[in-house]
Structure formats: C-alpha cells, structure tokens
There are 2 protein chains.
Amino acid sequence: MLWSDARCRVILVDDPDYTGFCRVIWQQHVKEMTDLSEAERAHFMAVVFTVEQALRESMHPDKINLASLGNQVPHLHWHVIPRFADDAHFPDPIWATRKRDPRPIRMDKIRLAEQLKRRLGELRQMKTNR
Amino acid sequence: MLWSDARCRVILVDDPDYTGFCRVIWQQHVKEMTDLSEAERAHFMAVVFTVEQALRESMHPDKINLASLGNQVPHLHWHVIPRFADDAHFPDPIWATRKRDPRPIRMDKIRLAEQLKRRLGELRQMKTNR
C-alpha cells in the first residue's frame, strides 16, 4: 500500500514484468464509474492522474496505460501501468500474448511512495483552498 | 462518428465482436492525460462517462471496460467497451486470447447517437448553468 484516504487506496502491484504498476482501488464496493457521484468520480480520477504524474516523474516511461476493467472482480479499480518500448508486451496491451523478457527495471519504492504522498497532499491542499 | 465538439469526438468502433464499442478521441495531438490541463481532463472524462452511461442505458452490459492505452498510436483516446458474460473474451480483457464466438447483438446506432447527443447536450447545459 502506497497511500490511502477514506475513499480510495493506491497499491503497488507485485508484477515482475511491470515495475511501477499501480492500482487505485475504490474503498466501497461499487461496480461502475457511473455508479459514483460526480464528486466521487472527480476525486477518484484526480488520484489516478496523480499516480500517473508521479510515475512519469519517477520512471519516465514511454507511455502510461490506464484501464478500469473489473470483469473478474466487479469492484471499481484503476490500473496505472508505466510502459516501456522493450517491456514484455509493448506495443500491445499487457493482457495480450507475451512478446519478450523485459530488461529488469529498478525503482525506489520508498521514493515513489513519498512522491505520491507529497503530490496527493498537494491535491488535498488545493481542494481545501477552493 | 456519433458526436463531436471542439475538444473531442465520439466514434462507434466497427468491431464485429464488440457491438457498441465506442472510442472518445481528443482532437489535438496529445500523448498523456497529465499533458492536458485540469479543465481539459475533466471535460474529456465527462464525455467518456456520458458514453458509459448511454451504453449502459441502451445495452445493459454486464460490465463496462474503460481504457486509455495508445502504445501504438500515442494520440489520447479512450476505449469504452460494453462487455457481456458470453462475449468473445469475457471475463478477460478484449486484448487477451479469444475464447468463443459471441452471439450477435443488435443495437440501434441511430438511437444510441440520439441518446448520446441528448446526454452530452445536458452536460453542456449543466456547465453553462453553473
């Protein structure tokens, strides 16, 4: 777990192929984005985009992939996946057939968690100031 | 093309396996969501969620899948995919190995386009009233 508040939490997914893969999970059991209120949706997406920003700053990926699928587990969550041109499936989605063994990527989890905390703190600050 | 404004357009994807599959495409060439301003992002997501709502109302899918990948074409777009328990890949993502031939699904494209236009019109109305 990297971060959480009353409405959602951010976890680092333990995927050997995808260092930095994060999941943002809504705390309450809700199935679709359009089941949330407009304010809840805005909060959820702000957290997702903050995770994207922190991953871009710390890992400089070639692309960010965002997805909310939940066919197996219909509990709202977003995948935030840093993609690299030499990763296991690029340029295909990570759910397609594996193409290659990726080079190992080092990432400082503690630094990422700190960066997220700082950025999400700013987000809360901005909201409070409005 | 189902709908468009100065910032984005909604198209119906011609995928024989996925009736109702829509794509929301940002008009300007931008790579990541966090390259947009907060207002642009909010507008884009409001259109995506309106498409989700219209698809839920007209097709009653078992799940909605949302994804912004763009590894092949780094031009911001969102996939909005109505999923059914007996579709070609369920419960896997549509990019995984095909599992079965789905039953054909009928959809009234003109009605969907009208519904989208009405709902996106309401969205614009709401914004103007604020």
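Considering only residues in the range B:90-105 that are within 10 Å of another protein chain (Cβ to nearest Cβ) and without any contact (Cβ under 8 Å) to a residue 40 or more places away in the chain, the one that is surrounded by the fewest Cβ atoms within 10 Å (Cβ to Cβ) turns out to be B:Thr97.
Within the group B:Leu69, B:Leu76, B:Leu36, B:Leu120, which residue is crowded, with 18+ Cβ neighbours inside 10 Å and modelled with pLDDT under 95? Quick ask: steps written out before the conclusion?
Values: B:Leu69 fails: modelled with pLDDT under 95; B:Leu76 fails: modelled with pLDDT under 95; B:Leu36 fails: modelled with pLDDT under 95.
When all the criteria are applied, what remains is B:Leu120.
Considered as a group, the residues in the range A:1-11 that are modelled with pLDDT of 95 or more and touching a Leu at 6+ places or on another chain (Cβ under 7 Å) include one that is nearest to the other protein chains (Cβ to nearest Cβ), and that residue is A:Val10.
Quick check: anything in the range B:42-49 within 13 Å of chain A (Cβ to nearest Cβ), in contact with a His (Cβ under 7 Å, 6 or more places away or on another chain) and at pLDDT 95 or above? Please lay out each step first, then the result.
Of the range B:42-49, the ones within 13 Å of chain A (Cβ to nearest Cβ) are B:42-49.
From the residues that got through so far, the ones that are in contact with a His (Cβ under 7 Å, 6 or more places away or on another chain) too are none.
No, that holds for no residue.
The set of residues from the range A:58-88 being free of Cβ contacts under 8 Å to residues at least 12 places away in the same chain and either touching a helix residue (DSSP H, G or I) at 6+ places or on another chain (Cβ under 8 Å) or over 21 Å from B:Ala85 (Cα atoms) (or both) comprises just one member, A:His60.
For the range A:18-41, how many residues meet the condition of being more than 8 Å from chain B (Cβ to nearest Cβ) and under 22 Å from B:Glu38 (Cα atoms)?
Keep residues of the range A:18-41 that are more than 8 Å from chain B (Cβ to nearest Cβ), which gives A:18-30, A:35-40.
When the remaining residues are screened for being under 22 Å from B:Glu38 (Cα atoms), the result is A:22-26, A:36-40.
The total comes to 10.
The values are calculated or read from the model by the stated rules, or taken from the named source; none is laboratory data. Quantities reported herein were computed from a predicted structural model and do not represent experimental measurements. A quick note on method: Cβ atoms are made from the backbone with ideal geometry, for glycine too, and the neighbour counts reach across all protein chains shown.
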